[in-house]
There are 2 protein chains.
Amino acid sequence: MQNFVYHNPTKIIFGRNTISAIGSETILWGRHALLVYGKTSSKKSGLYDQVTRALTEAGVSVTEHGGVRSNPTLDHVRSGIRKAKDHGCDVIVALGGGSVIDSAKAISAGAVVNHDVWKFFIGKKSIKDTLPLTTVLTIAATGSEMNSGMVITNEKTREKFGFGNKRLFPKVSILDPQITFTVPADYTAYGAVDAISHVLEFYMTTQDPATPVQDRLMEGLIENSMDACNRCLQDLKDYAARADLMWTATLALNGLTASGLGRVGFPMHMIEHSLSALYDIAHGAGLSIIIPGWLVWFSSQNPERVAQLGRRVFGRSIVDTQSTQQQARETHIALKKWFDSVHSPTSLSDVGISATDLPAIAENALKLAKVWRLSAYTRESIEEILRLCL
Amino acid sequence: MQNFVYHNPTKIIFGRNTISAIGSETILWGRHALLVYGKTSSKKSGLYDQVTRALTEAGVSVTEHGGVRSNPTLDHVRSGIRKAKDHGCDVIVALGGGSVIDSAKAISAGAVVNHDVWKFFIGKKSIKDTLPLTTVLTIAATGSEMNSGMVITNEKTREKFGFGNKRLFPKVSILDPQITFTVPADYTAYGAVDAISHVLEFYMTTQDPATPVQDRLMEGLIENSMDACNRCLQDLKDYAARADLMWTATLALNGLTASGLGRVGFPMHMIEHSLSALYDIAHGAGLSIIIPGWLVWFSSQNPERVAQLGRRVFGRSIVDTQSTQQQARETHIALKKWFDSVHSPTSLSDVGISATDLPAIAENALKLAKVWRLSAYTRESIEEILRLCL
């Protein structure tokens, strides 16, 4: 177990019919909210009305900033920052999934400084202060509702960059699984893939594999992501399944899983971000393409770690009598099979990317590898991994 | 999954050589600390000097309140409250295990009111404010370092009562596993039993057994408590094992395991508290006496829950082909066997209590059952459980 600091001050309000609490929780932090949200779906479903009503009834006035799209863009963040400044907003409310919450985090940091917000992402400035943020989550996936990270895409430079800062934790996040009943099957699966990927990154890149308590926590979360997702796909309105998936995705990236692991990396995300940035592929879909190939590549270095995951999560199909290499191979196959079963793509060719595209993707990924200090990853190794994903 | 609010603001600083941070962390909250600690062991080991040096170097002046003993007493808490008031302390620092931290919590609540602190425990007053609390933990057991609960014994009335309030979360807790190298084998085992008991209470009394993510989390913690304890007992100075046990015990009762379970109870603690109050038995030792008998009693009502625990934690020895009742029985036997293996007592006769003592214990426990609203527990059922513990 490596030394660590764990401090997660986000308050989670979880369950049925909890949305209206956004009013009383937000007024504790500010009187004039910038309401950040996505496309029209929350207006159609009535959720938008529910949130604005709760806010105004609590005495919070609202300035709108809709239109966040997936793989949220820097330009849209910048316009949110201008609005927040122009209208004197003193609190940010996010209504949406990871893209909306990440945009809201970037706005909360950019609204209190005079320089461009992108400087935070390229390491030229560090966050000293933010506007308080409250959120209403609409999809189980990124964990952004209870963590201090954010990812934004700079469309001009085609860079999808992210980082964390303790001032970015939301003050409060409201998680009502009922809201996710309308998330379609494909995005439900992508969300589960995202949760799995967060745990996998830590599980595989840990500096200290002698952390049994963390291992069991992570294995349980991976197992449960698959199980809960399967149940959701059988019945998109199964409350217990939606609740399980939602809480699992939150726990998968709230700092708990990484405690004691030392410095962990996000190599799979590093490569996937280039897929999203260059091809606008859904994040979860990009991950299920990269993970199997990356696991094959990683198994050549550390088969035991992959094998342990397989023995514990996929149980009876992977047994001690096989060689470690065989077990690692079976693990990668079992995970890929599960991705296939939930119709999340598992190869670059599934999304129309061919061998000739790989150098450009690797070139793009390499930039993020440098920012994230993943020094073990060269252009050659990234291309090698990408070839395993064809 | 039942609705829940999860909000744990305690900052954990975990790892080797972290003790000196108590100075810089405490000065953020106050300039004059009441330092609450236990017996002379921390003075002998040099830990006391280390903490007071860190505090004074950071500019925190210190008023001493040593002498907390296990099953901490109301009188000692009251004298701490007087000291804190007399010396104008504005922050409390706890150096010790659960007994010390619980005493410090009670003092932090009592120091800001004019009425007697016991009124909080019997529900006559509720906590509205506290002095901030920082802690240095010296034993893996109660989880008090990262939760909002406390338990104090009123020696006059022979009542060992406890409750929780969100204002009782420590601001910061420092967990250096190296400190626990000197915890002897018996108290190491009692600490592990305590951690297991916290998870078991929730696992068994959940209102909603359809919470797979919580189940896996809890099963992992129980499994790891046993595994880490075994490794500690093989080598009391095994850092990885001590670290595992310490973090496991913290996670076992920091609010996370109970999330989504609905109203949970502490029936095993309810009965054990009477053992500690009447016979001054170590809390963990009392628990390993009560748990097996309680599980037998509970299995007659809900064998499936006990059986599930057994299948998942004790693995190969408990198999699907057995009847649920058999599996539950095997689970109780396996757990009892583990308690025996770490030399934690598993019967009332082990500690010299006989059948004639049971009515008095049940009488005492019944009072706490009422305070904790465990209405399913009558004098008769408590006596029945106690008989199963003979």
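The values are calculated or read from the model by the stated rules, or taken from the named source; none is laboratory data. If you're wondering where the values come from, they're calculated on a predicted model, not measured in any experiment. As a convention, Cβ positions derive from the backbone with ideal geometry for all residues, glycine included, and neighbour counts pool all protein chains shown.
Considering segment A:190-228, and only residues there that are among the charged types (D, E, K, R) and closer than 22 Å to A:Asp340 by Cα, the residue that is farthest from the other protein chains (Cβ to nearest Cβ) turns out to be A:Glu201.
Of all residues in segment B:257-271, those satisfying the criterion of being more than 10 Å from chain A (Cβ to nearest Cβ) and either of a type outside the set (A, V, I, L, M, F, W, C) or part of a loop (DSSP other than H, G, I, E, B) (or both) are B:Thr257, B:Ala258, B:Leu261, B:Gly262, B:Arg263, B:Val264, B:Gly265, B:Phe266, B:Pro267, B:His269.
Conditions (1) free of Cβ contacts under 8 Å to residues at least 12 places away in the same chain; (2) within 14 Å of chain B (Cβ to nearest Cβ); (3) among the β-branched types (Val, Ile, Thr); (4) at positive phi, marked per residue:
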residue	(1), (2), (3), (4)
A:Asn8	no, yes, no, no
A:Lys11	no, yes, no, no
A:Gly38	no, no, no, no
A:Thr73	no, no, yes, no
A:Leu95	no, no, no, no
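Every residue in segment A:16-27 that is in contact (Cβ under 8 Å) with a residue 40 or more places away in the chain and farther than 18 Å from A:Thr182 by Cβ, please. Let's see the steps before the verdict.
Quick first cut of segment A:16-27, residues in contact (Cβ under 8 Å) with a residue 40 or more places away in the chain only: A:16-19, A:21-22, A:25-26.
Result: A:Ala21, A:Ile22, A:Glu25, A:Thr26.
Taking (1) under 13 Å from the mean Cα position of the chain (by Cα); (2) in a helix (DSSP H, G or I) in turn, B:Asn254 satisfies each apart from (2). Filtering segment A:281-301 to residues that are in contact (Cβ under 8 Å) with a residue 40 or more places away in the chain and either within 14 Å of chain B (Cβ to nearest Cβ) or more than 20 Å from A:Leu366 (Cβ to Cβ) (or both) leaves A:Ala282, A:Gly284, A:Ala285, A:Ser288, A:Pro292, A:Leu295, A:Val296.
Could you say whether any residue in segment B:172-189 is more than 30 Å from B:Gly23 (Cβ to Cβ), in contact with a Ser or Thr (Cβ under 9 Å, 6 or more places away or on another chain) and more than 13 Å from chain A (Cβ to nearest Cβ)?
At the first step, the residues of segment B:172-189 found to be more than 30 Å from B:Gly23 (Cβ to Cβ) are B:185-186, B:189.
Those still in the list that are in contact with a Ser or Thr (Cβ under 9 Å, 6 or more places away or on another chain) too: B:186, B:189.
Of the ones still in play, those that are also more than 13 Å from chain A (Cβ to nearest Cβ) are B:186, B:189.
Yes, there is a match, as at least one residue in segment B:172-189 is more than 30 Å from B:Gly23 (Cβ to Cβ), in contact with a Ser or Thr (Cβ under 9 Å, 6 or more places away or on another chain) and more than 13 Å from chain A (Cβ to nearest Cβ).
Residues in segment B:282-293 that are surrounded by fewer than 24 Cβ atoms within 10 Å (Cβ to Cβ) and more than 12 Å from the chain's Cα centre (by Cα): B:Pro292, B:Gly293. Taking the numbered list (1) at pLDDT below 90; (2) outside any helix (DSSP H, G or I) in turn, B:Ser344 passes all entries but (1). Quick one: in segment A:85-96, of everything that is buried (at least 18 other Cβ atoms within 10 Å of the Cβ) and small (Gly, Ala, Ser), which residue is nearest to the chain's Cα centre (by Cα)? That would be A:Gly96.
Looking only at residues in segment B:45-73 that are in contact with a helix residue (DSSP H, G or I) (Cβ under 6 Å, 6 or more places away or on another chain) and part of a helix (DSSP H, G or I), the one that is surrounded by the fewest Cβ atoms within 10 Å (Cβ to Cβ) is B:Glu57. Annotation note: of A:Gln178, A:Gln234, the sole residue that is of a type in the set (S, T, N, Q), free of Cβ contacts under 8 Å to residues at least 12 places away in the same chain, surrounded by fewer than 24 Cβ atoms within 10 Å (Cβ to Cβ) and more than 25 Å from A:Ala376 (Cα to Cα) is A:Gln234.
In segment A:210-228, is there at least one residue being within 30 Å of B:Ala195 (Cα to Cα) and outside any helix (DSSP H, G or I)?
Residues of segment A:210-228 within 30 Å of B:Ala195 (Cα to Cα): A:210-228.
So of that shortlist, the ones also outside any helix (DSSP H, G or I) come out as A:210-211.
Yes.
When you go through (1) outside any helix (DSSP H, G or I); (2) touching a Pro at 6+ places or on another chain (Cβ under 6 Å) one by one for A:Ile353, which number turns out not to apply? Of everything listed in (1) outside any helix (DSSP H, G or I); (2) touching a Pro at 6+ places or on another chain (Cβ under 6 Å), A:Ile353 misses just condition (2). Taken over segment A:97-125, the criterion of being without any contact (Cβ under 8 Å) to a residue 24 or more places away in the chain and more than 22 Å from the chain's Cα centre (by Cα) is satisfied by A:Val112, A:Val113, A:Asn114, A:His115, A:Lys124, A:Lys125. Checked against (1) in contact with a Lys or Arg (Cβ under 6 Å, 6 or more places away or on another chain); (2) closer than 18 Å to B:Gln50 by Cβ, B:Val93 meets all criteria but (1).
Scan B:Arg31, B:Arg82, B:Arg16 and give me the residue that is within 14 Å of another protein chain (Cβ to nearest Cβ), out of contact with any Leu (no Cβ under 8 Å at 6 or more places or on another chain) and surrounded by fewer than 16 Cβ atoms within 10 Å (Cβ to Cβ). Give the derivation first.
Details: B:Arg31 fails: within 14 Å of another protein chain (Cβ to nearest Cβ); B:Arg82 fails: within 14 Å of another protein chain (Cβ to nearest Cβ).
Going through B:Arg31, B:Arg82, B:Arg16 in turn, just one is within 14 Å of another protein chain (Cβ to nearest Cβ), out of contact with any Leu (no Cβ under 8 Å at 6 or more places or on another chain) and surrounded by fewer than 16 Cβ atoms within 10 Å (Cβ to Cβ): B:Arg16.
When A:Leu368, A:Leu309, A:Leu374, A:Leu386 are screened for being in contact (Cβ under 8 Å) with a residue 40 or more places away in the chain and not in a helix (DSSP H, G or I), only A:Leu374 passes.
Here's a check for you: in segment A:237-252, which residue that is crowded, with 24+ Cβ neighbours inside 10 Å and at the interface with chain B (Cβ under 8 Å from one of its Cβ atoms) is nearest to B:Leu251 (Cα to Cα)?
Narrowing segment A:237-252 to residues crowded, with 24+ Cβ neighbours inside 10 Å: A:241-252.
With at the interface with chain B (Cβ under 8 Å from one of its Cβ atoms) added as a condition, the list becomes A:243-244, A:247-248, A:251.
On the way: A:Ala243: 21, A:Asp244: 19, A:Trp247: 17, A:Thr248: 16, A:Leu251: 13 Å.
Checked segment A:237-252; the qualifying residue nearest to B:Leu251 (Cα to Cα) is A:Leu251.
Hey, which of the strands (runs of 3 or more DSSP E) in segment B:97-196, taking only ones fully inside, have at least 1 residues that are in the same structural domain as B:Lys83 (by TED's automatic domain parsing) and modelled with pLDDT of 95 or more? Show your work before the answer.
On the way: elements: B:133-137, B:149-154, B:159-164, B:172-175.
Counting at least 1 such residues, we get B:133-137, B:149-154, B:172-175.
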